[in-house]
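The structure appears right after this line, and notes come after that.
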Amino acid sequence: MRSFQWRIAVPIIALIIASMLVLGIYLTNVIKNTQLDNLRFHLEQEARIVAEASLPLFTGPSGSLDTMAKDLAGEIDSRITIIAPDGKILADSVENPADMENHATRPEVRDALANGIGETTRYSTTLEEQMMYVAVKIDNNGQVLGVARTALPITAVQESVNRVTRIIIIATLAIAILAVIAAYFIARRTTQPIRKLTKAVKGISTGHVEQKISVTTKDEIGMLAKAFNEMSVSLKTNIDTIFAEKTKLANILSKMADGVIMTDINGTVLLVNSAAGRLFGFKEDDAISKPVIEIVHDHEVDEVLKLCLKTHKDQSTQFESGTTRRFLRAIAVPLESQGRLNGALLLIQDLTELRNLQTMRRELIGNVSHELRTPIAGIKAMAETLHDGAIDDKAAAKDFLARIEGEADRLTQIVAELTQLSRIESGQAELNKQPVHLNTLIDEIISEMNPLAERNQVALLKQLSPYLPQVQADKDRIRQTIINLVHNAIKFNKPDGRVTVFTGCDSSSVTVSVTDTGIGISKEDLSHVFERFYKADKARSGGGSGLGLAIAKHTILSHGGSIYAQSEEGKGSTFTFTLPR
């Protein structure tokens, strides 16, 4: 495909060359006709001279005309022929008249006899070249004596025409070359702003929107360049605005906890955020241009999307994801523009934690109710017994009052532990951190817990690291945590069992472990032992509120540490916690 520059230059060059050709042909024809007219006029004048010169000789000897023709032909440099009215050749400057054929049928002779003058151009078989013949009638007072004819070859005319033609051709070629050069530079200069514009447009197409063209003229090209510059500035402003909005949208989508999936009217994914990828386990780039069902693998999402696209109304559903085992809510909203549906927006909310919190709230209420019901029922029953007359029996009344006091203490302990746990979980409990040497603290606790261990026929042992560094901790809360672990290890042990407290450290933390040889914890119960009010069936016989391990867990977590349990049913358990060095 030709460039715009040549699309301008080629027609100009073609027009110039065509004009030169037409002009050359016209000039050639004009020159040729002029030369032929001159030749014809010259021959006519010479023929009339011959006619006048031959009049006196018609009455003389027969050879005198031929001699005159040959002599006069040398002077005028033309062929002379004198022809009788009947076509017989009377004299000729070139040939012997007796050898020449009759010329009565020659056009110039007939025209001369009829009209006084005749002219023709034809090939001469005698001279073997193209000749022009002009004949005039020889008239003597009305008596036609014959025809005087002069002839010259038109070779000179043709050479003159050829010479002019060559000059015209050379001039045409020269002008054509100059026209090509001039048209090229004119077209190049004319199209230079367009080339700059094209280059600038290509720059914009590759993302470089800050393009500007210098305006040097005030014509249409200049106006186009000015309009382009204005467009470039406006385009950059618009792109910057769009990019800023896109960045805001991308930041919002990336920070959202809810999954977002945008589709077209066919349910093909156009946009997703990272939260959706985390919820359904796919990569954002891999999801684009795929059907929703192919990336989420949950038919509930696909159904709510299809219903939204079909009805053009908001739709929602709640379901448990078969792939991630999480409880989700899917909300589908139609995307419309000027009354036309363009697609849909899927909002995926993870309700798993909310449902777990609701479940925990119900369980907490149930557990609290259960834990409070027993001592309250006992207090009420004993109060009713006293009211019914047992108060008069001093021994029974004293026993019932002691039991009431015990149940009241149990209620007080449950309320205190609930309050403490609530304050720790909400972050309201302030930690009084100070340097604590855990080995010294454990020695104190073992001395304190030895009587309880002896009553339960359990050996309380220790294996403490001599290189244990101090830690920054709330001494009273860590003390309570260790006592709780040791107390549980003694309470749920077997006669003649052992409880061993270990300490150790690594480069980042110190470790405290309490190991027992007791009844152990089943696999089903092990993952729940740090939950509020959770007590395994074997543990319920031992009493307790079920809040101790929950308090221990949140105490350790508030110190930046971790706590976990290991157990094998029937063989004992190990509870371990770590604190940062």
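The values are calculated or read from the model by the stated rules, or taken from the named source; none is laboratory data. Fair warning: this is a prediction, and the values are worked out from it, not measured in the lab. Please note: Cβ atoms are built from the backbone with ideal geometry, for glycine as well, and neighbour counts cover all protein chains shown. Areas reflect the complete protein model, heavy atoms only, side chains present, ligands, DNA and RNA absent. Shrake-Rupley method; radii C 1.70, N 1.55, O 1.52, S 1.80 Å.
Among the residues of the stretch 329-341, is there at least one that is open to solvent by less than 40 Å² (accessible area, probe 1.4 Å), within 13 Å of Val292 (Cα to Cα) and either free of Cβ contacts under 8 Å to residues at least 40 places away in the same chain or of a type in the set (Lys, Arg) (or both)? Yes. Hey, among the residues in the stretch 133-153 that are touching a Pro at 6+ places or on another chain (Cβ under 8 Å) and among the aliphatic types (A, V, I, L, M), which one's nearest to Val94 (Cα to Cα)? Only one residue fits best here, namely Val147. Checked against the criterion of being closer than 18 Å to Ile265 by Cα and in contact (Cβ under 8 Å) with a residue 60 or more places away in the chain, the stretch 309-328 contains not a single residue that satisfies it. Scanning the stretch 129-149 for residues that are open to solvent by 70 Å² or more (accessible area, probe 1.4 Å) and over 22 Å from Asp66 (Cα atoms) gives Gln130, Asn141.
Inside the stretch 484-520, residues that are open to solvent by less than 40 Å² (accessible area, probe 1.4 Å), hydrophobic (A, V, I, L, M, F, W, C) and over 15 Å from Thr578 (Cα atoms) make up a count of 4.
Listed here are the residues, each with its yes/no results for (1) part of a helix (DSSP H, G or I); (2) surrounded by fewer than 16 Cβ atoms within 10 Å (Cβ to Cβ).
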site	(1), (2)
Ala151	no, no
Thr172	yes, no
Val180	yes, no
Leu197	yes, no
Lys202	yes, yes
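When Phe41, Phe58 are checked against the criterion of being more than 25 Å from Gln130 (Cα to Cα) and of a type in the set (A, V, I, L, M, F, W, C), a single residue qualifies: Phe58. Pairs are defined by a Cβ separation below 7 Å, a sequence spacing of at least 6 or placement on different chains, a first member in the stretch 553-581 that is over 20 Å from Val499 (Cβ atoms), and a second member that is part of a helix (DSSP H, G or I); the pairs so defined are His554/Leu421; His554/Ile424; His554/Glu425; Thr555/Ile424; Thr555/Arg477; Thr555/Thr481; Ser558/Ile424; Ser562/Ile556.
Of the residues making up the stretch 282-311, those that are more than 25 Å from the chain's Cα centre (by Cα), farther than 11 Å from Ala332 by Cβ and exposed (fewer than 13 other Cβ atoms within 10 Å of the Cβ) number 1. When the stretch 16-52 is limited to residues that are polar (S, T, N, Q) and touching a helix residue (DSSP H, G or I) at 6+ places or on another chain (Cβ under 7 Å), the one that is most open to solvent (accessible area, probe 1.4 Å) turns out to be Gln35. Any residue that is modelled with pLDDT of 90 or more and over 60 Å from the mean Cα position of the chain (by Cα) - is there at least one of those in the stretch 531-540? For the stretch 531-540, residues modelled with pLDDT of 90 or more and over 60 Å from the mean Cα position of the chain (by Cα): absent.
Looking at the stretch 299-312 only, could you name the residues that are more than 13 Å from Asn342 (Cα to Cα) and either in contact with an Asp or Glu (Cβ under 6 Å, 6 or more places away or on another chain) or of a type in the set (Lys, Arg) (or both)? Selection gives Lys306 alone.
List pairs: first in the stretch 233-246 and closer than 16 Å to Ile204 by Cα and part of a helix (DSSP H, G or I), second open to solvent by 70 Å² or more (accessible area, probe 1.4 Å) and basic (Lys, Arg), Cβ under 9 Å, 6+ apart or cross-chain? Between residues of the stretch 233-246 that are closer than 16 Å to Ile204 by Cα and part of a helix (DSSP H, G or I) and residues that are open to solvent by 70 Å² or more (accessible area, probe 1.4 Å) and basic (Lys, Arg), the close pairs are Val233/Lys212.
Is it true that some residue in the stretch 7-14 is open to solvent by 80 Å² or more (accessible area, probe 1.4 Å) and within 60 Å of the chain's Cα centre (by Cα)? Yes, there is a match, as at least one residue in the stretch 7-14 is open to solvent by 80 Å² or more (accessible area, probe 1.4 Å) and within 60 Å of the chain's Cα centre (by Cα).
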